[in-house]
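Let me begin by presenting the structure, written as structure tokens, before commenting on it.
The values are calculated or read from the model by the stated rules, or taken from the named source; none is laboratory data. Quantities reported herein were computed from a predicted structural model and do not represent experimental measurements. Note that we place each Cβ from the backbone using ideal geometry, even for glycine, and neighbour counts take in every protein chain shown. Calculation scope for accessible area: heavy atoms of the full protein, side chains included, ligands and nucleic acids excluded. Shrake-Rupley method; radii C 1.70, N 1.55, O 1.52, S 1.80 Å.
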Amino acid sequence: MSRKVIIAGNWKMNKTVEESVALAQGVVAEVGSVQDVTVVVCPPYTSLYAVSQVLKGSNVKLGAQDVYFEASGAYTGKVSISMLKSCGVEFVILGHSEQRQFFGETDETVNKKTNVVLAAGLTPIVCVGELLEERESGVTEKVCETQIRGAYAGISAADAVKTVIAYEPVWAIGTGKVASPEQAEDVHAFIRKLLADMYDAPTAEMIQIQYGGSMKPDNAKELLGKPNVDGGLIGGASLVAEQFKGIVIPA
Ligand code: PEP
């Protein structure tokens, strides 16, 4: 079966409200009417509502960079799924390596958040990937397997098909060191086989697996040409509308 390509821009902790609106306007102008690719932008929380207004009437979807797993209450600094939903958010990035590295994200919290996002009818983008030393010591597959089994613990096949996985080798994020298309394809194929083991082959075939890590207009086509690479999670190159377009519609 053919899976739709999904390209998501993770703006990270960049852009004020005004800057976000300008970037979103640029993205809408460049790729707002694209239909054969699902295009998502993930601004910081503070810009979500303003960007949602810019995206109205276009095909560009709104994503958030994280969520807290509790519904409401005394959790200073956190944002709930209903708050995101009320801003028009449809996708939520979970388990990004920066969340794991700096903010104590674990496979267990990713699992709780995945459940909360699915229960709200939104799409989790579950990030997994190995550190450089893990790749060098030959445990890339083991690391990805542990992260995926943790994130999907207790999640049914019917719900798993509503998720997206982003394979992001940590050594390639923001470093300019992109995984080769073969390295990416090897891990994506492994992840799909793992999903077939955890669920079944049809379920595994339906789940979109994005690659993330220094994807740019000049390497996107080759990466996206691999059979198990179904899209990209884009950091740096999503901050300039023309560069983002060069990934959504690679020349
Ligand atoms: C990311 O942060 O998810 C990412 C892939 O960043 P970059 O494209 O800048 O490597």
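To the nearest 500 deg cm²/dmol, what mean residue ellipticity at 222 nm is calculated for the chain from DSSP H runs of n ≥ 4 alone, each contributing -39,500 (n - 2.57), summed and divided by the residues?
-12500 deg cm²/dmol
Put a plus charge on the Cβ of each Lys and Arg, a minus charge on the Cβ of each Asp and Glu, and nothing anywhere else: the dipole of the chain about its Cα centre is then about 620 debye. Karplus-derived 3J(HN,Hα) values for the stretch 125-137, using 6.51 cos²θ - 1.76 cosθ + 1.60 with θ = phi - 60°, are 10, 8, 8, 9, x, 9, 6, 4, 5, 5, 4, 5, 9 Hz; glycine and proline are entered as x.
Remark: the stretch 70-218 carries a charge dipole of roughly 520 debye about the Cα centre, counting +1 on each Lys and Arg Cβ and -1 on each Asp and Glu Cβ. Only protein heavy atoms count here; on that basis, with a 1.4 Å probe, MET83 has an accessible area of about 100 Å². 3J(HN,Hα) couplings calculated from phi for the stretch 89-94 with the Karplus curve 6.51 cos²θ - 1.76 cosθ + 1.60 (θ = phi - 60°) are, in sequence order, 6, 10, 10, 9, 6, 10 Hz; Gly and Pro show x. Cα-Cα pairs above 25 Å in the stretch 144-251: how many percent? Result: 23 percent of Cα pairs exceed 25 Å. Net charge in the neighbourhood of GLN65 (other residues with Cβ under 11 Å of its Cβ; Lys, Arg +1, Asp, Glu -1) is -1.
Length available on full extension from THR203 to GLU141: 0.36 nm per residue minus the Cα-Cα distance, which gives 20.3 nm. Along its first, second and third principal axes, ordered by size, the stretch 145-189 spans 36, 17, 17 Å in Cα coordinates. Note on the chain: with a GNM built from Cα contacts shorter than 10 Å, the maximum mean-square fluctuation among VAL116, VAL92, VAL126 falls on VAL116. In the structure displayed, which of LYS78/LYS221; LYS78/LYS245; LYS112/LYS245; LYS85/LYS142; LYS78/LYS162 lie more than 29 Å apart, Cα to Cα? Beyond 29 Å: LYS78/LYS221; LYS78/LYS245; LYS112/LYS245; LYS85/LYS142. Annotation note: trypsin sites (Lys or Arg not before Pro) in the stretch 76-183 located in DSSP loop regions with a Cβ neighbour count of at most 13 within 10 Å are LYS177. Annotation for SER33 and ARG149: the two label points, set 7 Å from Cα along the Cα-Cβ direction, are 4.9 nm apart. Phi-derived couplings, Karplus 6.51 cos²θ - 1.76 cosθ + 1.60 at θ = phi - 60°, listed residue by residue for the stretch 56-67: 3, x, 9, 8, 7, 9, 9, x, 10, 8, 5, 7 Hz, with x used for Gly and Pro. Going by Cα centres, the stretch 125-177 and the stretch 202-251 are how many Å apart? Using only Cα atoms, the two centres lie 16 Å from each other. For the chain, the extents of the C-alpha atoms along the principal axes are 47, 45, 34 Å, listed from largest to smallest. Scanning residues 5 or more positions from GLU130 or on other chains, those with amide H under 5 Å from its amide H are VAL170, with H placed 1.01 Å from N in the peptide plane. Structural descriptor for the chain: relative contact order 21 percent, calculated from alpha carbon pairs under 8 angstrom and at least 6 residues apart. In terms of packing, defined here as the mean over residues of other Cβ atoms within 10 angstrom, the peptides 70-77, 213-220, 183-190 line up highest first as 213-220, 183-190, 70-77.
Farthest toward the positive end of the dipole of the stretch 5-248, out of LEU23, ILE155, THR140, is the Cα of LEU23, where the dipole comes from beta carbon charges about the Cα centre.
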